[in-house]
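Just below is one structure, and these are the notes that go with it.
The values are calculated or read from the model by the stated rules, or taken from the named source; none is laboratory data. As the structure is a prediction and not an experimental result, all values here were calculated from the model. Heads up: the accessible areas ignore ligands, DNA and RNA and are worked out on the full protein's heavy atoms, side chains in. Shrake-Rupley method; radii C 1.70, N 1.55, O 1.52, S 1.80 Å.
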Amino acid sequence: MFIDRFFSIIAGDIDQWLILPVLYQFGWMEWEELSFDWALICVYGMFAVIVTYAVCWPLEALFPVERWASRKAVGVDVLYTILNRVGVIPIVSFLLFYQLQVVFTGTLVDWGFVPPDLEMWIPALFGHPVITFFIYALILDFADYWRHRLSHTFRAWYALHALHHAQRQMSFWSDDRNHILDDLISFVWFFVIGLAIGIPPLQFPLLILLLRFIESLSHANIRLSFGWLGERLLVSPRFHRLHHALKAAGRQSCNYGGVFPYWDMMFGTADFSDLYLPTGDARAPEALATGGYLAQQWTGAKMFLTALGRGFAG
Ligand SMILES: [Zn+2]
Ligand SMILES: [Zn+2]
């Protein structure tokens, strides 16, 4: 595909002029084989951020739900996005995923066991990459629904997830504002599933990036619904905003789905009301809402430890 070749050329340049010289300088030649893949992940990440910005920024400017006098609280969300999509975190996760998959696969093969992949579970998929891709997305999104729903069920886990909900100025940058421990849990969660259904390492970040474009859009400060049918096919800004709505008395938590609303419909947690409510978590300390990156991480970690001390279920 043209776009793949385009990304490879840019990644090749970054690798040749930026990464390899650093590796040679410090004598880290053992990473040489993987350095092109790192560059490729950064290029995919940059592309995802640019596309998200190009689509969401004009929509937020034209059809905002809220107008803010100051956008200061949005700044930290931009930092979360860059770190999560272009920076350190994709490289670390990819390295971990790659290394762990090599070890895991090697061990299984030693035991005389062939590691599974989706086409092995469903042989009819063989030779239909687009359908296979869509099924991968469904499985990962189903797993994400339960990860997210459980993070609202356990008190200690919610102490971490509260950082995501504390934002009152929710925008398309807000998807990545998560506690680093919460990111770590997600990584392990998806890693196990990725191994069970056998996503090849390089397809894994690309798949995640595509799904996450929808997730960025769903956080955007846009008065946008996809219509009766569209709302039931894909998570919209209106649908996810209800999940982030400030909890008024008697209002149930709803709309946990990240990309597809099917799981909310299936498990009775969907709310399709045509409402655009203010967002935030009234119980979260102010540092979680408007503090800087380190203040948010520190406050989240303290809340997590306190909640653990009080017992896990809550
Ligand atoms: Zn949530
Ligand atoms: Zn969210």
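Per-structure values
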{"quantity": "In order through segment 178-195: 3J(HN,Hα) via Karplus (6.51 cos²θ - 1.76 cosθ + 1.60), integer Hz, x for Gly, Pro", "calculated": "9, 5, 4, 5, 5, 4, 5, 4, 4, 4, 5, 3, 6, 4, 4, 5, x, 6"}
{"quantity": "Fraction of accessible area attributable to carbon and sulfur, the chain (%, probe 1.4 Å)", "calculated": "72"}
{"quantity": "Residue-averaged [θ]222 nm for the chain, counting only DSSP H segments that reach four residues, each worth -39500 (n - 2.57)", "calculated": "-20500 deg cm²/dmol"}
{"quantity": "Residues of segment 2-309: accessible area per residue with a 1.4 Å probe, Å²", "calculated": "50"}
{"quantity": "Equivalent ellipsoid dimensions for segment 85-198 as semi-axes, Å, which come from the Cα gyration tensor, largest first", "calculated": "30, 17, 14"}
{"quantity": "If the convex hull is drawn through the Cα atoms of segment 2-309, its volume per residue in Å³", "calculated": "175"}
